[in-house]
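Inspection log for the structure reproduced underneath, given as structure tokens.
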Amino acid sequence: MTAHVAWGTYNWLTIHVLYFHDESIAIPPALPVPGHERHDDLWPQHPLPEYMGSSFTKLCEYFTVIQEVAVVYSIADGKPVVDRVPIAFAEAKYQKILAWADSLGKGMAWDQNSQEHVMLFHMWFHCAVLDIFRPFTHGRHKNYTLKSFSSRDSTPKTIFCASLNQLKRLALLYRTQQMPNSYMPYINISLIHIANTICRETDDPTAKFYFLLCIRYWQHLYVGYPIFGGIAQAFLTMAINNGLITNREAKRLMAEVKAHGGHHDEGISTSLIVDFDLAMTNRDEADVQAVAQKFEEVALFDEFAVYKKED
């Protein structure tokens, strides 16, 4: 049980390093990963519950790789990641996460009859790919061909887009397979990745569809978790700013979201990062609370601009 607690805490804190920009963890727990069979180890065995198979073991391995990325990317020296981290580092971590995916085995292969935690694994895999390559999808590195791959299409931008498309597909399939009252809150990381990217890709004909898909997810999650109201409002603000939706659409959508959370106490917020690009230079202005509180101002300005245009 001690090892489960230690590794579970490590996994959760790793999420906080990536998506809250908390202080990174230098090393993983000294206790063995539950489920790893090591007969020569002095530590007692930590058997896994049958209903989860090897899921927790593989999750610990996954977050060990992610933490290696988070430690390097989260260094607060004022320089962008792309200016201080060689692309070879990202390529090496991508190879490592691919090797992890190859080790999942048949029990973790995804199909339409898979359990929820299996789909979550696949979602988080693609989130990891996006986190690894996001700093290199702009500028001189976006068309750089990775040296360990033979395909000419093996560039940061191509790999990023491929994982984003897979993430969209998984989010859509999960929506069709689950009732709204049973949505896992852990899919939020996937939704943030999708919404963060498509808010800036307004020329994509599917952008608005997937953005509304994310909003509907947060609307239903808001029933049980008060932080999702602020997350929805923050992304509606970003969508208005980027011209993806109008202020009237945003106000209507926000009213529909709020209608699902009238039972929540006011003032509940989170420091979750929602604007990944802005966070690279100004973390304080990139979290949920900072972006969401600009909603009324942005919506009012957009409405005024439309009024002046019609006038």
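All of the numbers you see were taken from the coordinates with simple rules; none came from a lab. Model, not experiment: these values are computed from the prediction. Backbone-built Cβ (ideal geometry, glycine too); neighbour counts: all protein chains shown.
Descriptive notes on the structure:
- Helix 188-198 and the longest principal axis of the Cα set of the chain meet at an angle near 50°.
- Radius 13 Å from Cβ of ASP22, net charge of other residues (Lys, Arg +1; Asp, Glu -1): -1
- Of MET280, MET123, MET179, the one that fluctuates the most in a GNM where the chain has Cα springs shorter than 10 Å: MET179
- If you plug the beta carbon distance of GLN293 and ILE268 into 1/(1 + (r/R0)^6) with R0 = 22 Å, you get a FRET efficiency near 0.95.
- Taking every lysine pair in the stretch 51-141 that is 8 or more places apart or spans two chains, those with Cα atoms closer than 20 Å amount to 4.
- Cβ-defined net charge surrounding LYS157, 11 Å radius [Lys, Arg +1; Asp, Glu -1]: +1
- Order of THR176, THR197 - criterion: other Cβ atoms within 10 Å of each residue's Cβ, fewest first: THR176, THR197
- In the elastic network of the chain, a GNM with C-alpha springs shorter than 10 Å, the most mobile of ILE194, ILE268, ILE66 is ILE268.
- Label reach from THR145 (point 7 Å along Cα→C-beta): in the stretch 60-91, amide nitrogens under 20 Å belong to 87-91.
- Using the Cβ-Cβ distance between VAL71 and PHE209 with R0 set to 30 Å, the FRET efficiency from 1/(1 + (r/R0)^6) comes to roughly 0.25.
- The stretch 163-204 residues near the modelled GLU249 label - backbone nitrogen below 20 Å, point 7 Å along Cα→Cβ: 168-169, 172, 191-204
- Evaluated over the stretch 117-243, the count of Lys pairs having alpha-carbon atoms less than 21 Å apart is 4 (only pairs 8 or more residues apart or interchain).
- Helix 156-177 axis, angle to the chain major axis (alpha carbon atoms, nearest 10°): 80
- Relative contact order %, the chain, counting alpha carbon pairs below 8 Å whose residues are six or more apart: 13
- Nearest-ten-degree value, helix 116-133 long axis tilted from longest Cα axis of the chain: 80
- Largest GNM mean-square fluctuation across ALA76, ALA299, ALA234, computed for the chain with C-alpha springs under 10 Å, falls on ALA76.
- Taking the convex hull of Cα positions in the stretch 81-127, its mean projected area over all directions (nm²): 3.8
- Given their separation in residues at 0.36 nm each and the Cα-Cα distance between them, LYS258 and GLU23 gain 81.3 nm when the chain is fully extended.
- Per-residue [θ]222 nm for the chain (sum of -39500 (n - 2.57) over DSSP H runs n ≥ 4, rounded to 500): -18000 deg cm²/dmol
- Anisotropy class of the stretch 216-303 from Cα gyration tensor, a/c 1.5 cut: oblate
- Three-way shape call for the stretch 105-251 based on the alpha-carbon gyration tensor, with the a/c threshold at 1.5: oblate
- Charge context of LEU278, other residues only, Cβ under 13 angstrom, K/R +1, D/E -1: -1
- Gyration tensor (alpha-carbon) shape descriptor, the chain, a/c threshold 1.5: prolate
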